[in-house]
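First up is the structure itself, then whatever we jot down about it.
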Amino acid sequence: MRSPMLFNRSASCTPPPGYWQCLLPGKGEGLGRNLLFNRRATLVNLALMFGLALCGITSLSLGTVNLEIQQVLQALMGNGDPVSRFVIGELRLPRLLAATLTGAGFALAGCLMQTLARNRLATPGIIGIDNAATAFAVASVVGTGISVAPPMMALAGAATATALAFGLSGASGTRGYRFIITGLGIGAIAGAMTQFMLSRVAIDDANAAYPWTVGSLNARDPLATQILAGGCLLAWPLCLMLARGLTTLQLPDAVAIGLGRRPGRIRAGCLVVSVLLTGLAVAVAGPVGMVALIAPEFARALNRAGYVPLLASALIGAIVMVLADLAGRVMLSPLEVPVGIVTALAGSPYLLWILLKRPSGHLQ
Amino acid sequence: MTDNAFADISPETKVDRLAATELAMAHGHHRVIDALNLSLPNGKVTAIVGPNGCGKSTLLNGLARIHRPRAGAVLLDGRDILTRPSREVARKLALLPQETSAPEGMTVLDLIRFGRQPHQDWLRQWSPEDQAAVQQALEAADMAELADRALDTLSGGQRQRAWIAMSIAQQTPLLLLDEPTSALDLGHQVEVFELIRNLAGAGKTIAMVVHDLVSACRYADYLVAMKEGEIVAEGRPAEVVTPELLRSLYHITCELMEDPITGAPLLVNIQRAPESR
């Protein structure tokens, strides 16, 4: 038996303040299906997409050969002079795509992990996932007899580190500082293993593996980029599925359970996506620090409180990565500064600021 | 299946809707509750009282499926609560835990809208029912004026009312609260307890863990006294509360008077009981 008062209201329904409502054709008792769009988030994301496009074009036009914007656009269309077509199509565009994908991957992984652990320091870089992925990838590069492709090795490393951090942090799981401290230890061990392997192999092998240790887009493997693109495509629908439950992870677990959510499952899902993205991104660019930490922070600042900005984090991560790579290429040109060093230089003061600031913000 | 929670609140339901049978709960290896039986009277406010560490919060967490029991079961409408989909349970049973924290800057309205999650899904993110329920919750908790304020700018009592409003918006016939007035001053305590009474008046079945025995007597219809994981007494406050019970629960001696206005038991001349018993 339905209360008549409620039933009559079904004709008109205004969305909550700050949202756009999109009515979908639907069946059932006069109640249409609908989607809500957070206005602020929609505008922010559109602006960020525009910003990313601008940064991308800038990145394509600058370098050892500077091109005009028009030349860039023509080359992108497949027209223009052969030199700029070669520079754009063969050199800069693949690199730009790699930067965009790795930046988005790292940042999305960071945002997921910060939210699931309810801690802004809980990013794959700090938990040691980056380092472990690197150690495994380096192991395959320097030829320790394991001849699996680096992306798969990096993924295996990322998964191993997460499983260890999770297993060793005991009953509290991904909550609390124990997870972070355990992760720090695992990261340190993995970093030491990488250095050890590099010190034991021939100098040529060590040189080949060097980009892995600092984070660089210079020596990327096209196959790894393609696999990362696949990973991103796979991660996106998973994120959309998790997104609604993810917002309840900002509240205490008992509240989330009371609302019919299963925090353990949501955390597990986020952790899997986070590990996947981190592992595949490390396989392309090595452990580029700070992107996963900073991008979600900016994304949250731009959005309304209580919103988990997955898309905005990914877009900002991509922008940061593109700009950092651009800076690394042109700063000391013709010398190239690896992108990981640029992000570390630019990001470390920010990390200090977070640590010294009053513990506040959206997450504890 | 009905999404209409009002149909559920009808007092005609004869069977008690939430009950524990032979419930055993533990923290790690430490067994807190063993073979406990309890049935919450429908449409009433039940207060669970007892000394620190007696297992009253553990019991509430068990009733709300936050922790799994070691043995026995919690029955919601006669069926084991753990065998039912969690979302379905969330449409019948709301919980306000002791620890409530929200992201900084989140508004009252944002919080209350969380209460509608069990009624929504991916392709129905906002319905007229949601709108009506949020509005009703805002009014019931007297929060309409504060809807757009950030939670962290509110007073403790207002914030607690906002959280209760979230569980009102959930439109469940059952509501469990874990120490809803802890850390509130007297005025705010009364504010929250009166809101809880109003909800019971509207037909909700409520159980709350309460630290303060006098408030429990004043605002509850049914009192459950626990000690060392067992229920030592239950019934109407005026019948249950005796000097012997208080001595056994809290090691105090006191005299009991009847509140001339409400008829609830009043404790006077409270002293520590002598050690020899």
Nearest 10 degrees, 0 to 90: helix B:128-140 Cα axis against chain B principal axis:
40
Derived scalar couplings ³J(HN,Hα) [the range A:204-221; Karplus, 6.51 cos²θ - 1.76 cosθ + 1.60; whole Hz; x for Gly, Pro]
5, 5, 4, 4, 4, 8, 4, x, 4, 7, 10, x, 8, 9, 6, 10, 6, 9
Go through the range A:42-57 residue by residue and turn each phi into a ³J(HN,Hα) via Karplus (6.51, -1.76, 1.60, θ = phi - 60°); whole Hz please, and just put x for glycine and proline.
4, 5, 4, 5, 4, 4, 5, 4, 4, x, 5, 4, 4, 4, x, 5
Specify the longest stretch of chain A that does not include any exposed loop site, a site being one of the trypsin sites (Lys or Arg not before Pro) with a non-H, G, I, E, B DSSP assignment and at most 12 other Cβ atoms within 10 Å.
A:28-356
If amide H atoms are built 1.01 Å from N in the plane of the peptide, which residues on other chains or at least 5 residues away come under 5 Å of the amide H of B:Ala233?
B:Ala225
If you line up the Cα atoms of the range A:28-144 on their principal axes, what length do they span on each, largest first, in Å?
59, 56, 27
Output ³J(HN,Hα) for the range B:91-104: one whole-Hz value per residue in order, computed from phi by the Karplus curve 6.51 cos²θ - 1.76 cosθ + 1.60 with θ = phi - 60°, and x for Gly and Pro.
8, 10, 9, 10, 10, 10, x, 6, 8, 10, 9, 9, x, 4
For chain B, calculated [θ]222 nm from helices alone, where every DSSP H run of n ≥ 4 adds -39500 (n - 2.57):
-8500 deg cm²/dmol
Considering the dipole of the protein assembly as shown built from charges on the beta carbon (Lys and Arg +1, Asp and Glu -1) around the Cα centre, which of B:Ala200, B:Leu223, A:Leu249 is farthest to its positive end?
A:Leu249
So for chain A, taking the charge dipole from beta-carbon charges (+1 Lys/Arg, -1 Asp/Glu), which of A:Ile181, A:Gly56, A:Phe106 sits furthest toward the positive end?
A:Ile181
Inter-chain Cβ neighbour average for residues B:96-105, partner chain, 10 Å
6
Report the number of Lys pairs in the protein assembly as shown whose alpha-carbons are under 30 Å apart, with separation of 8 or more residues or on distinct chains.
16
Which whole number gives the average, over all residues in B:126-136, of C-beta atoms from other chains lying within 10 Å of the residue C-beta?
5
Charge dipole magnitude, Cβ of K and R +1, D and E -1 - the protein assembly as shown, Cα centre, debye nearest 20
880
If you build a Gaussian network model of chain B, linking Cα atoms that sit under 10 Å apart, which residue out of B:Leu111, B:Leu174, B:Leu245 swings the most?
B:Leu245
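Explain nothing, just the number: dipole magnitude of chain B about its Cα centre with +1 on each Lys and Arg Cβ and -1 on each Asp and Glu Cβ, in debye rounded to the nearest 20.
680
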Over the whole of B:57-65, what's the average partner chain Cβ count within 10 Å per residue? Rounded to a whole number, please.
1
Net charge (Lys, Arg +1; Asp, Glu -1) of residues whose beta-carbon lies under 12 Å from that of A:Val142, A:Val142 excluded, is -1
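The numbers here are math on the coordinates, done by the rules we state, and not lab data. Treat the numbers as computed from the prediction; the structure is a model and nothing was measured. Cβ coordinates were reconstructed from backbone atoms using ideal geometry, including for glycine residues, and neighbour counts include every protein chain displayed.
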